[in-house]
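One structure is given here, and the rest of the page talks about it.
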């Protein structure tokens, strides 16, 4: 999935990076591509823009990008880190409600 300049700016804002450097932007692009690939392999296709499902998809991708950005260090000390249960519920809902694809032409089925 192509990352537009607008979407990259949204990710930087979500990660609270006010004035991202070129290195931070490059990192965000890589983290975004990784998160989008995760969603695809999890069975969640990119929904159409402007839909509630796309808002949920983007929220999941934002969460994964921020999580990966925040947890770049090799070790985490001082606290126990657990996955956000709201994120898990949202991604599961997207997976369970993924539109069925036709095996013959790749279009959505009934």
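From the list 11, 3, which one is surrounded by 12 or more Cβ atoms within 10 Å (Cβ to Cβ), within 12 Å of the chain's Cα centre (by Cα) and within 17 Å of residue 72 (Cα to Cα)?
11
Can you work out which of the residues in region 39-57 that are part of a helix (DSSP H, G or I) and farther than 17 Å from residue 11 by Cα is farthest from the chain's Cα centre (by Cα)?
52
Can you confirm whether region 15-31 contains a residue that is under 18 Å from residue 94 (Cβ atoms) and assigned to a helix (DSSP H, G or I)?
So far as region 15-31 goes, no, none of its residues is under 18 Å from residue 94 (Cβ atoms) and assigned to a helix (DSSP H, G or I).
If a residue must be within 16 Å of residue 39 (Cβ to Cβ) and either surrounded by fewer than 10 Cβ atoms within 10 Å (Cβ to Cβ) or modelled with pLDDT under 85 (or both), how many such residues does region 61-83 contain?
Number of matching residues: 1.
The values are calculated or read from the model by the stated rules, or taken from the named source; none is laboratory data. These numbers were taken from a predicted model, which means no experiment stands behind them. Reconstructed Cβ throughout: ideal geometry from the backbone, glycine too, with neighbour counts over all protein chains shown.
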